[in-house]
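J.: Sharing a structure here in structure tokens format.
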Amino acid sequence: MTIRRPNRFLTATLSGALAIGALAGCSTAAATPTDTASPVTISDVATSVDDALADNEDYTELAALADETWDTASETTVALDGDGATVSGDGATADGSTVTISAPGTYRISGTLDDGQVIVSSEADGLVRLVLDGTDITSSTGSAIAVTQADDVSVVLADGSSNSLTDASTYEDTSEDAPNAALFSSDSMVISGTGALNVTGRSNDGIASKDGLVITSGDITVTAVDDGVRGKDFLVVTGGTLDVDATGDGLKADNEDGTNDDGETVGYAALLGGEITVASGDDGVHAESDLLVGDATVTVSESVEGLEAAHILVTDGTVDVTSSDDGFNAAGGTSTAATAEAAETAAEGEPPTSDTMPEGGPPQGGGGMPGEAAGDFSLAIAGGTVTVDAGGDGLDSNGTLTVSGGDVTVFGPTDGGNGTLDSAGAITVDGGTLIAVGSSGMLQTPGDGSEGWVAATFDTLGAGTDLVVVDASGSTVAEVTLTKDVQALVLASSAVTSGEEYTIQADGAEVATVTAGDTPEGTGMAARP
């Protein structure tokens, strides 16, 4: 069993009830607070990348390798010539169409291999630097470039170069630890440079590291039949242009251990710079532990779930997500034993009892089935511009959902089985602006500690409608042009004052008048039995 330590995203406990969620047709009722602290850790959410990464395995030493300079006169050159290669210098040999690099050093690779491989197997300590300078490698047996052993690996895309790597459709070696990507490394790898790289993964992944992976620059395009770009301990992007089209997950950090031998968090993804575009057949970006977005432009144009991790934090940049299911989904880690037992009894069709109910009362909100309490999960937006167009839940957390800055627009589901906002724990909006529109079948609103908010339901409005929230003086507080059919709106903003009346207009016509802080009739949810 994997044990996750408490995440520094969530470091304090909440006493008593969680914020109320909502399901159509139920009445609103709050759970009774108790004097006993809940086991769910939900407050003190980190709002900066540095704070969020404080206990994670360090990626900066690997990233710094991209900035190292070297004496080009000491390079070993590898000239590919279709069905063979010529090596000039130490540390590499060519045997037919297979080039083997066996020692640390800098290797400049150019030319074409119509059917071959570059293999790195270096037992000595020291960096192996591969400078791709007009490299085109296609393999019919496995990876185009396979690092089977090295201390660290730096792949540099030479200035002005165009490079291409294509692996086999079927690999000869399919054992568990064998290479399984067009560009593969069994050790930590950093990719940098100002050139271009086109990677095609015909059997499995495009780019993969079984340790950490950092991309600092370059113009990189990846197409893969499974995951596009995958790191194990971490996947970090700090710059460059990354365009991924994958049948599986687009970007992924897949270490499920939770922590390494030093107690540092692993399995995290951090998109801290650059322009990233993803079209995927599964998750756009997936991390087993933390998923951070800093000063990056991230566009997920196609996905089942857009961004998924146990803990998601957006601090800056621009995030635009389109998904057939959840747009953001904070899920997948572990929760308390009481929560797990309650969920298990619910799955067996038995209502939770006093022995299986988590402390603090029954769970509230959407984000899960009856009997499933909020766990150690969080979705936090502290800045940036976030736009979500989701077929399932728009913003979904199996723990807490917090907005403390930025501009957030959510176009949620059109059916009643999902919610534009769906949180098993508290929803708190205490900064920035959140406007969420979608179906009225499941409607959750911000809870205690939030700034002013309004919520309204109305007859279905179609795509193209200009929806405007107007205050009592006739001034526009917020507006949005609909991209799909909607029946409900939630707006949270410092421009909204609790207790005051607001009017919702559609193309200039009034469709609802509401009081800020009131949940629309018929959309509250009573405490679960």
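Taken together, the values in this text are just the output of simple stated rules run on the coordinates, not laboratory data. Computed from a prediction, not measured in an experiment: that's the story for all the values here. Virtual Cβ from ideal backbone geometry, glycine too; neighbours counted across all protein chains shown.
J.: Please report 385, 174 as a ranked list, fewest other C-beta atoms within 10 angstrom at the top and most at the bottom.
T.: Ordered from fewest to most neighbouring Cβ atoms within 10 Å, 385, 174 come out as 174, 385.
J.: Mark the label point 7 Å from the Cα of residue 112 along Cα→Cβ and return the residues of segment 153-179 whose backbone N is within less than 18 Å of it.
T.: Residues passing the 18 Å test: 161-168.
J.: Express the C-alpha Rg of segment 96-145 as a ratio against the empirical globular expectation 2.2 N^0.38 Å, rounded to two decimals.
T.: 1.14
J.: Here is a follow-up. How big is segment 410-499 by the Kirkwood estimate over distinct Cα pairs, in Å?
T.: Taking every pair of different Cα atoms in segment 410-499, averaging 1/r and inverting gives 13.4 Å.
J.: Based on the alpha-carbon gyration tensor of segment 209-262 and its eigenvalue square roots a ≥ b ≥ c, which shape applies: rounded if a/c is under 1.5, prolate if not and a/b is larger than b/c, or oblate?
T.: Taking the square roots of the gyration eigenvalues as a ≥ b ≥ c, segment 209-262 is oblate.
J.: How long are the semi-axes of the equivalent ellipsoid of segment 459-522, defined as square roots of 5 times the Cα gyration tensor eigenvalues? Whole Å, largest first.
T.: 19, 13, 10
J.: Remind me, relative contact order of segment 417-510 in percent, using alpha carbon pairs under 8 angstrom and six or more residues apart?
T.: Reported relative contact order: 34 percent.
J.: Less than 12 Å Cβ to Cβ from residue 110, Lys/Arg counted +1 and Asp/Glu -1: what total charge do the surrounding residues give?
T.: -3
J.: Kirkwood-based Rg over Rh for segment 65-154 (C-alpha set), two decimals?
T.: Taking Rg over the Kirkwood Rh, I get 0.94.
J.: Going by the alpha-carbon gyration tensor, a ≥ b ≥ c the square roots of its eigenvalues, is segment 235-300 rounded (a/c under 1.5) or, if a/c is not under 1.5, prolate (a/b greater than b/c) versus oblate?
T.: Because a/c hits 1.5 or more and a/b fails to exceed b/c, segment 235-300 counts as oblate.
J.: Then there is this: Quick one: if the Förster radius is 25 Å, what FRET efficiency do residue 83 and residue 159 give, using the C-beta to C-beta distance and rounding to 0.05?
T.: So the FRET efficiency works out to roughly 0.30.
J.: Something else now. Please order 65, 183 by the number of other Cβ within 10 Å, starting at the fewest.
T.: Fewest-to-most ranking of 65, 183: 65, 183.
J.: For segment 372-529, what relative contact order do you get, as a whole percent, if you take Cα pairs closer than 8 Å and at least 6 residues apart?
T.: 19 percent
J.: So how do 433, 170 line up by other beta-carbon neighbours within 10 Å, fewest first?
T.: In order of increasing Cβ crowding within 10 Å: 170, 433.
J.: Can you give the three extents of the C-alpha atoms in segment 266-318 along their principal axes, from longest to shortest, in whole Å?
T.: Taking max minus min along each principal axis of the Cα atoms, segment 266-318 gives 25, 23, 13 Å.
J.: Next question, about the same structure. Do you know the relative contact order of segment 207-344, to the nearest whole percent, from alpha carbon pairs under 8 angstrom that are 6+ apart?
T.: Relative contact order here is 17 percent.
J.: Roughly speaking, what is the centre-to-centre gap between segment 118-193 and segment 379-423 when only Cα atoms are used, to the nearest Å?
T.: Each part's Cα centre sits 38 Å from the other's.
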